[in-house]
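Novice: Okay, handing you the structure first.
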Amino acid sequence: KRRNPGEPEFHQAVAEVLESLEPVIDKHPEYREARLLDRIVEPERQIIFRVPWEDDLGNIHVNRGFRVQFNSAIGPHKGGLRFHPSVNLGIIKFLGFEQIFKNSLTGLPIGGGKGGSDFDPKGKSDREVMRFCQSFMSELALHIGPDVDVPAGDIGVGGREIGFLYGHYKRLKNATEAGVLTGKGIPFGGSLARTEATGYGTVYFLSEMLADKGFELKGKSVAISGSGNVSLYACKKCQEYGAKVVAMSDSNGYIYDKNGIDLDLMIRLKEIERKRIKEYKNFHPEAEFGENCRDIWSLKCDVALPCATQNELNGKEAEALIENGVIAVAEGANMPSTAEAAKLFQERKVLFGPAKAVNAGGVATSALEMCQNSMRYSWTFEEVDQRLHKIMVNIYTMTKNAAKEFGMEGNLIAGANIAGFQKVAAAMMSQGIY
Ligand code: NDP
């Protein structure tokens, strides 16, 4: 904390991982001798830069850009870009740190990184977003490349932003280099099923976790926070499995629809028209709207999928979910449960899937996009989706087995941290002290 002041999210993420790794370190005294943990919590490189841009009225704005290249032991840095006013170095470091272990869990050769800006795309015109993205890329392009660091989307960065970023990168480099960014549009090297991947992967993991304890998703009621990329496609896959999604949210409130969320409408409102979730009620007056988005956790549901942002579910809210009989929680967002909430779920025997494992399907499919770009070839939606499904089943098994191997059976938080760490640790040990 002394070394990294003012970064509470980073401390929280590191504390959770280090606690889980104690038994692994006890088994490997050579890791201690090589100061492996001290090295792994220090980013290889962090870049902070000025992003000036001009709005439609000719006013100049200055934002701050970040890219944290955390660990490249097993492959090029890989991780999303987040555009949200809350972004600061500590948030990007927490996300980049988590990404190391998540990427390792996918079984694909990708290191960890993360980036973004305190720019708020909400309410900006397409042209303003384009000018911002071009300014952001003017600096970022100096530090990334298909074999160096491959950014993707995250909160506030979707297909539109990736398109602008890629267009500018191409001009700066005078080269197509499709593999430099993932989440691209399908006509210029994007992978089918990438848009759906994080949400679908979340539900594939959830379904494995439930099946392992004799439950099925079919017929269950589900509350999903957020209504962005992860939430919308988690909702779609839940519905395909026969579950009823009863609630979704955005930062201005939640919708409860006892008949089940009308997903086509939700996609139109949120993904296409970029409107507020409140408008859902104009089309379904019988649905309820609540102004506090966090009240979504006071609703009765069998399954809760926090898919919006970090620390969106605290101890009190976890308690309310448990009182209401929740049987499973799977984290689609990164670190959405506070440490207290996660502990409560585990103590009270709620099946709990941690973010690193649950939402790894997004980055796994990004790595599949890189694969297709390298081959200058593209797979069908079904081929990508099948690979994603297999990867998620594998992540569940690895996570479960790692927890068991180290005497923490059923603790998937520890399992994900340990399974993700082992490959990175072995690679770092082989590559010398750096
Ligand atoms: P989007 O920007 O598409 O959607 C984010 C959603 O969460 C929106 O509904 C947004 O509401 C809500 N939200 C964001 N910040 C807050 C906040 N501070 N309080 C309440 N609600 C908030 O992002 P994604 O769906 O891509 O990402 C969601 C989460 O999933 C993040 O934690 C991200 O890191 C994680 N993730 C995403 C992956 C991906 O492939 N996209 C991969 C792995 C993890 P509003 O519109 O009102 O802001």
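Novice: Residue separation times 0.36 nm, minus the C-alpha to C-alpha distance between N4 and D264: what's the value? All intermediate terms of the calculation are to be shown ahead of the outcome.
Specialist: Working: separation 260, 0.36 × 260 = 93.60 nm, distance 4.44 nm.
The span from N4 to D264 would gain 89.2 nm if fully extended.
Novice: So what's the convex hull volume per residue for the Cα atoms of the stretch 195-353, in Å³?
Specialist: Working: hull volume 14.7 nm³, N = 159.
Taking the convex hull of the Cα positions in the stretch 195-353, it is 92 Å³ per residue.
Novice: Out of the trypsin sites (Lys or Arg not before Pro) in the stretch 22-116, which ones are loop residues according to DSSP with at most 14 other C-beta atoms within 10 Å? Kindly include the intermediate steps, with their values, before the conclusion.
Specialist: Working: sites: K27, R32, R35, R39, R45, R50, R64, R67, K78, R82, K93, K102, K114; in loops: R35.
Loop-located and lightly packed - R35.
Novice: While we're here: With labels modelled as points extended 7 Å from the Cα through the Cβ direction, what inter-label distance (nm, one decimal) is found for N88 paired with I60?
Specialist: 2.6
Novice: Based on a Kirkwood Rh over C-alpha pairs, give the Stokes-Einstein translational diffusion coefficient of the stretch 2-111 at 10 °C and viscosity 1.306 mPa s in µm²/s. Intermediate results must be reported in sequence, preceding the final value.
Specialist: Details: Rh = 15.8 Å.
In µm²/s, the coefficient rounds to 101.
Novice: A further question on this structure: Which of T380, T338, T106 has the fewest other C-beta atoms within 10 Å, and how do the rest follow up to the most? Let's see the in-between values first.
Specialist: Details: T380 10, T338 19, T106 26.
Lowest to highest Cβ neighbour count: T380, T338, T106.
Novice: Summarise the long-distance tail of P(r) for the stretch 364-434 by giving the % of C-alpha pairs beyond 18 Å.
Specialist: Details: 1398 of 2485 pairs.
Roughly 56 percent, rounded to a whole number.
Novice: Let me ask another. With a Cα-only, solvent-free Debye model of the stretch 43-190, what are the log10 I(q)/I(0) values at q = 0.18 Å⁻¹?
Specialist: One equal scatterer on each Cα of the stretch 43-190 leads to -1.01.
Novice: Can I ask one more? Please arrange V358, V363, V393 by counting, for each residue, the other beta carbons lying within 10 Å of its beta carbon, fewest first. Display every interim value, and only then the final one.
Specialist: Details: V358 34, V363 26, V393 14.
Taking fewest neighbouring Cβ atoms as first place, the list is V393, V363, V358.
Novice: Here is a further query. What's the exposure ranking of C133, C235, going from fewest to most Cβ atoms within 10 Å? Write down the numbers at each step before the final one.
Specialist: Values: C133 29, C235 26.
Fewest-to-most Cβ neighbours within 10 Å comes out as C235, C133.
Novice: Explain nothing, just compute: Karplus ³J(HN,Hα) = 6.51 cos²θ - 1.76 cosθ + 1.60, θ = phi - 60°, for every residue of the stretch 241-249 in order, whole Hz, x for Gly and Pro.
Specialist: For the stretch 241-249, the Karplus curve yields 7, x, 8, 10, 7, 9, 8, 9, 8 Hz.
Novice: Quick check: Cα centre of the stretch 271-290 to Cα centre of the stretch 95-110, how many Å?
Specialist: 36
Novice: Follow-up. Find the relative contact order for the chain and round it to a whole percent, using C-alpha pairs within less than 8 Å whose residues are 6+ positions apart.
Specialist: On the way: 911 pairs, mean separation 69.4, N = 434.
Reported as a whole number, the value is 16 percent.
Novice: Can you tell me which lysines have their Cα less than 24 Å from the Cα of K78? Leave out same-chain residues fewer than eight positions away.
Specialist: K93, K102, K114, K170, K173, K184, K356, K390, K423
Novice: Within the stretch 329-434, list the GluC sites (Glu not before Pro) lying in a DSSP loop whose Cβ has at most 13 other Cβ atoms in a 10 Å radius.
Specialist: Values: sites: E331, E340, E347, E369, E382, E383, E405, E409; in loops: E331, E409.
Counting only loop positions with at most 13 other Cβ atoms within 10 Å, the GluC sites (Glu not before Pro) in the stretch 329-434 are E409.
Novice: Can I ask one more? Over all distinct alpha-carbon pairs, what is the Kirkwood Rh of the chain in angstrom? Present the calculation step by step, with values, prior to reporting the outcome.
Specialist: Working: mean 1/r = 0.0460 Å⁻¹.
Averaging 1/r across every pair of different Cα atoms and inverting gives 21.7 Å.
Novice: Most fluctuating residue of P23, P43, P306 in a GNM of the chain with Cα springs under 10 Å: which is it?
Specialist: The residue that fluctuates most here is P23.
None of the figures in this text is laboratory data; all of them are computed from the coordinates on show. Given the structure is predicted, the values throughout are model-derived calculations rather than measurements. Because the Cβ atoms are built from the backbone with ideal geometry, glycine has one as well, and the counts that use them run over all protein chains shown.
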